[in-house]
Amino acid sequence: MKLVLFDIDSTLIQSGGAAGLALELAFQDKFNSQDKWFTFSFHGLTDLAIIRRIFREKLDRDPQGDEVEDIVSRYAEHLKHTLVGVQNYKVLPFVLETLKVLTACKDTVMGLATGNLEKTGRYKLAQGNLNEYFPFGGFADDSEDRAELTKKGVEKGIKYIGKIPDEIFVIGDTIYDVRAGKAAGAKVIGVATGPVSVDVLLNEGADFAFENMKGCYHLLTADARP
């Protein structure tokens, strides 16, 4: 039995800037300011870590009271609309082919290990009709720390399967996915469809790394394809 956990952004899909715009609008609404609220890369960070960093860098303080929850609520509401209007949203190459074959493979179960909050991550997947492939996952709701949420995804997978799988794989596009997957005791497959190259992913400790999901397709579906 194989358990395969996927990251979302730049691994399964690219949101075409919809998420960044939605978070920008959330902060603009909250603080009644049209300023630019963030100037750093989101890659590999959890949603909650991103929000806290914006507070620190823009307001020079940590969020207080229910400010994080308020931003999350505003962000989710905006994301529903920005995803619909975005022109560059796409499901990445060989993702659908891989998911369809793995779904048909009786000895493989798929889930998520993502820095997205579950609600907003599900919104992103829904735009590409991908939610049906992932009945569970580790999300930022589980932990602000990526390694911990990945471990939670593994725990949910074990519970879903009903036993410890023979192999556990984590697939992602950043060094943070690699570190989290290794911390969770998984084999890590890197895909260079995000901010870093195959060489960087391998140097970080990925067991395998490919230019895109095509390599994962051949690696994971070799026993499932006719």
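Derivation of every value follows stated rules applied to the coordinates shown; laboratory data play no part. Every value quoted in this text rests on a predicted model; they were computed, and no experiment measured them. Cβ atoms come from the backbone with ideal geometry, glycine included; neighbour counts cover every protein chain shown.
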Report summary line: Highest GNM mean-square fluctuation among T103, T114, T46, for the chain with Cα springs under 10 Å, belongs to T103
Query raised in the report: Amide H of T108: which non-local residues (sequence gap of 5 or more, or other chain) have their own amide H closer than 5 Å, using H built in the peptide plane?
Result: K2
**Report entry** For the chain, share of DSSP beta bridges that run antiparallel, in % to the nearest 5
**Finding:** 10 percent
Query raised in the report: Could you give the length gained on full extension between A183 and T103, defined as 0.36 nm per residue of separation minus the Cα-Cα distance, in nm?
Result: 26.2 nm
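Quote the relative contact order of region 18-85 in percent (integer), defining contacts as alpha-carbon pairs under 8 Å separated by 6+ residues.
51 percent
Anything in the chain that counts as a DSSP H helix reaching 24 Å or more along its axis (C-alpha) with Kyte-Doolittle mean of at least -1.0? List them, would you?
Membrane-span-like by this criterion, though nothing is claimed about a membrane: 67-85.
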Query raised in the report: Hey, what number do you get for the chain at 222 nm if only DSSP H runs of n ≥ 4 count, each worth -39500 (n - 2.57), divided across all residues, to the nearest 500?
Result: -13500 deg cm²/dmol
Query raised in the report: Once amide H atoms are built 1.01 Å from N in the peptide plane, which residues 5 or more positions from F210, or in another chain, come under 5 Å H to H?
Result: G190, V191, A192
Report task. Find how many whole Å separate the alpha carbon centroid of region 82-108 from the alpha carbon centroid of region 151-171. Result -> 20 Å
Report summary line: For D199, the net charge from surrounding residues (Cβ-Cβ under 15 Å; K, R +1; D, E -1) works out to -4
